[in-house]
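Below is one structure; the comments refer to it alone.
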Amino acid sequence: MSLITCKGLSFAYDGVTVVHNLNFKVEPGDYLCIVGENGAGKSTLVKGLLQLKSPSQGSITYGEGLTASQIGYLPQQTQVQRDFPASVREVVLSGCLGNGGFHPFYTKKDREKAEKNMEALEITDLKDRCYRDLSGGQQQRVLLARALCATQKLLLLDEPASGLDPVVTKSLYELVERINARMGITVIMVSHDMAAALAYSSHVLHMGSDRQLFFGTSENYRRSSAYHSFMGSKNAARIWRHENAPVRRRREERAPEAAAPEQGAAIRTAQEAYRKEQTDRDAADT
Amino acid sequence: MQLILEMFSYPFMVRAILVGILIALCAALLGVTLVLKRYSMIGDGLSHVGFGALAIASALNLAPLRVAIPVVVLAAFGLLRLGETSKIKGDAAIALISSGALAIGVTVISMTTGMNTDVYNYLFGSILSMSREDVILTTAAAAVVLGLFAVFYHRIFAVTFDETFARATGTRTGFYNSLIAVLTALVIVIGMRMMGSLLISSLIVFPAMSAMRLCRTYRSVILHAAVISVSCLVVGLTISYLYATPTGASIVLCNLAVFLVYLILERITRPSSR
Ligand SMILES: Nc1ncnc2c1ncn2[C@@H]1O[C@H](COP(=O)(O)OP(=O)(O)O)[C@@H](O)[C@H]1O
Ligand SMILES: [Mg+2]
């Protein structure tokens with residue numbers, strides 16, 4: 001049975017439909033990338049999959065006995081109050097709360113899991129620091145470690161690379177790939193980084209502003225018209241060659257900074273808009 | 001010194017101190033949660049509802065706590081629901097409810113007993129107001145609050161820090177929000193007799209605010225707030241006994257002094273902060 005089945009799925013805010021008629025399935029062990037322009041409703045879909053928002057139409061069916069407590073989640077934006085006192089360790093450990101039955105206190109296993117994830121994300125030396133004193137990228141890694149602690153069957157990441165530098169981004173993608181490949185955990189990731197999305201994912205869901213543009217394997221996506229028009233027709237042939245280069249080489253080139261000049265106009269504007277949003281937010285924060 | 005020793009020879013003072021310590025402890029623990037959840041105003045609203053309930057209880061000659069506890073718990077649920085779903089702004093709703101309850105309380109009192117010392121005590125608190133039954137009920141309620149808080153400590157943290165994440169990953173946030181509301185209602189009611197309904201919410205807010213000046217982790221804020229709260233209570237009670245000042249006000253003044261000191265310390269230790 002599929003882990004998640006979506007049929008005719010739509011979401012609306014105040015009667016305005018923002019996600020239109022999605023049909024797709026996620027099998028156990030899949031690595032699904034969700035792509036689309038800003039405002040296509042990717043984050044809304046993620047919230048729907050987490051049952052934080054109910055569909056306006058259609059249905060989501062969960063299989064394999066999937067429950068919320070087996071899901072790890074990295075939100076696109078986390079509004080933590082500026083004066084909230086919490087250490088990195090406290091935040092990361094809080095991801096373990098759903099794991100197996102009700103324990104009032106953290107078990108030894110929880111602590112080990114937290115340690116392991118903090119190490120993987122290179123934040124072990126920050127663990128006694130206050131969360132709110134960290135930089136944006138450090139905070140992102142803390143929340144990722146928390147998401148990993150919560151993950152048992154499914155990991156949902158909404159633009160996990162935002163605010164991370166290329167080196168950390170690369171190790172993040174590799175970590176997620178390991179989690180997917182070695183531990184058999186299903187991954188659903190919203191991503192702006194098309195090159196990385198295609199290199200790691202097994203499936204792609206491409207959301208348009210008024211309909212679903214593509215759902216299928218990453219291989220088929222690379223040949224699809226949805227991909228080509230998204231990347232800008234001019235560069236498409238070149239990107240196609242680039243993406244089809246031997247895997248090893250591609251992975252070395254995959255740092256987002258290196259891939260940027262290759263990318264078409266559409267994604268570049270999207271990225272610029274996104275970065276601006278980020279810097280605006282950072283500016284507003286300080 | 002002599003006077004302080006003498007203070008402990010009065011059973012009502014010993015009772016007041018023991019019960020007071022329990023109340024201060026509960027108030028500090030929940031206070032951190034309420035302040036961080038931006039629920040401080042709910043505490044204030046509930047204390048006025050508590051006053052209304054006490055007034056009605058005394059008009060009907062019922063045991064005050066037995067009436068006040070259920071009424072305030074219900075009001076806590078109501079306020080929480082309002083904050084989540086209503087079209088009325090949460091803070092406006094609280095203002096409506098708290099002034100409404102105060103008006104009802106005052107009207108009931110003026111129609112029955114009139115403005116006497118009882119009413120004064122309801123508003124400003126008194127150490128003498130604790131009956132034997134009050135002491136037992138208060139101790140039981142405090143034990144419930146402390147026990148539940150300890151058992152759900154990590155979940156309360158998770159729900160306070162990032163409710164969306166907690167809900168997405170299978171924590172029943174609705175349950176924990178209700179739990180926080182019920183515990184707050186209990187603390188308000190049991191603290192009201194001693195602190196007065198006008199001042200009880202400051203017992204909840206001050207220790208948390210002071211601790212947050214200096215502490216950077218959740219656990220240290222909780223522990224620090226508990227220590228501040230209990231110390232201020234003991235000092236405040238002693239002052240109240242020695243100088244016959246209103247109990248609640250003395251305790252609040254101690255808390256205010258601590259807060260100001262911490263504020264200055266914060267400025268000194270991190271001058272560049274923000
Ligand atoms: N809480 C909300 N209330 C109303 N509209 C919203 C809300 N959140 C998102 N939207 C709208 O829904 C659309 C999709 O948003 P979102 O899911 O965040 O897109 P994406 O993640 O793909 O950039 C946008 O047009 C956005 O303005
Ligand atoms: Mg988004």
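Every number here is computed from the coordinates shown, using simple stated rules; none is lab data. Bear in mind the structure is a predicted one, so any value in this text is a computation, not a measurement. Cβ atoms come from the backbone with ideal geometry, glycine included; neighbour counts cover every protein chain shown.
So how many residues does the stretch A:106-164 have that are within 16 Å of ligand 1 (Cβ to nearest atom) and either under 18 Å from B:Ala158 (Cα atoms) or among the polar types (S, T, N, Q) (or both)? Before you say what the answer is, go through the steps one by one.
First, pick out the residues of the stretch A:106-164 that are within 16 Å of ligand 1 (Cβ to nearest atom): A:156-163.
If we keep only those that are either under 18 Å from B:Ala158 (Cα atoms) or among the polar types (S, T, N, Q) (or both) as well, we get A:162.
So the answer is 1.
Please pick out the residue among A:Ser87, A:Ser135 that is touching a strand residue (DSSP E or B) at 6+ places or on another chain (Cβ under 9 Å) and more than 16 Å from ligand 2 (Cβ to nearest atom).
Values: A:Ser135 fails: touching a strand residue (DSSP E or B) at 6+ places or on another chain (Cβ under 9 Å).
Exactly one of A:Ser87, A:Ser135 is touching a strand residue (DSSP E or B) at 6+ places or on another chain (Cβ under 9 Å) and more than 16 Å from ligand 2 (Cβ to nearest atom), namely A:Ser87.
Would you pick out the residues in the stretch B:138-154 that are surrounded by fewer than 20 Cβ atoms within 10 Å (Cβ to Cβ) and more than 14 Å from chain A (Cβ to nearest Cβ)?
Of everything in the stretch B:138-154, those that are surrounded by fewer than 20 Cβ atoms within 10 Å (Cβ to Cβ) and more than 14 Å from chain A (Cβ to nearest Cβ) turn out to be B:Thr139, B:Ala140, B:Ala143, B:Val144.
Go through A:Ala195, A:Ala199 for me and flag whichever is in contact (Cβ under 8 Å) with a residue 12 or more places away in the chain, crowded, with 20+ Cβ neighbours inside 10 Å and either out of contact with any strand residue (DSSP E or B) (no Cβ under 9 Å at 6 or more places or on another chain) or farther than 29 Å from A:Gln70 by Cβ (or both).
On inspection, the qualifying residue turns out to be A:Ala195.
For the stretch A:21-34, which positions are away from ligand 2 (no atom under 11 Å from the Cβ) and either assigned to a helix (DSSP H, G or I) or within 18 Å of A:Thr186 (Cβ to Cβ) (or both)?
A:Leu22, A:Phe24, A:Lys25, A:Val26, A:Glu27, A:Pro28, A:Gly29, A:Asp30, A:Tyr31, A:Leu32, A:Cys33
Residues in the stretch A:165-214 that are closer than 16 Å to A:Pro75 by Cα and within 16 Å of ligand 2 (Cβ to nearest atom): how many?
5
Being closer than 25 Å to A:Gln152 by Cβ, more than 14 Å from chain B (Cβ to nearest Cβ) and near ligand 1 (Cβ under 8 Å from one of its atoms) is the filter here; which residues of the stretch A:26-49 pass it?
Within the stretch A:26-49, just A:Lys42 meets the criteria.
Looking only at the stretch A:78-122, filter to residues that are among the hydroxyl-bearing types (Ser, Thr, Tyr) and within 23 Å of the chain's Cα centre (by Cα); which one of those is nearest to the other protein chains (Cβ to nearest Cβ)?
A:Ser94
Go through B:Ala168, B:Ala208, B:Ala185 for me and flag whichever is among the hydrophobic types (A, V, I, L, M, F, W, C), touching a strand residue (DSSP E or B) at 6+ places or on another chain (Cβ under 7 Å) and buried (at least 22 other Cβ atoms within 10 Å of the Cβ).
Just a single option satisfies the conditions, and that option is B:Ala168.
Only helices (runs of 4 or more DSSP H) wholly contained in the stretch A:85-153 count here; list those with 1 or more residues that are closer than 21 Å to B:His224 by Cβ. Outline the logic, then answer.
On the way: elements: A:88-93, A:108-120, A:136-150.
Ranges flagged: A:88-93.
Of everything in the stretch A:50-73 that's within 13 Å of ligand 1 (Cβ to nearest atom) and under 28 Å from A:Ala145 (Cβ atoms), which residue is nearest to the chain's Cα centre (by Cα)?
Top of the filtered list is A:Leu50.
Of all residues in the stretch A:165-192, count the ones that are within 23 Å of A:Asn38 (Cα to Cα), buried (at least 19 other Cβ atoms within 10 Å of the Cβ) and more than 16 Å from ligand 1 (Cβ to nearest atom).
4
Kindly provide the set of residues from the stretch B:155-164 that are closer than 11 Å to A:Val80 by Cα and facing another protein chain (nearest Cβ under 7 Å), ordered by number.
Residues satisfying the conditions are B:Phe161, B:Asp162, B:Thr164.
Consider only pairs whose beta carbons are under 6 Å apart and that are at least six residues apart or on different chains; among these, list those whose first residue lies in the stretch A:32-56 and is farther than 18 Å from A:Gly216 by Cα and whose second residue is near ligand 1 (Cβ under 6 Å from one of its atoms) and β-branched (Val, Ile, Thr).
Between residues of the stretch A:32-56 that are farther than 18 Å from A:Gly216 by Cα and residues that are near ligand 1 (Cβ under 6 Å from one of its atoms) and β-branched (Val, Ile, Thr), the close pairs are A:Gly41/A:Val18; A:Thr44/A:Val18.
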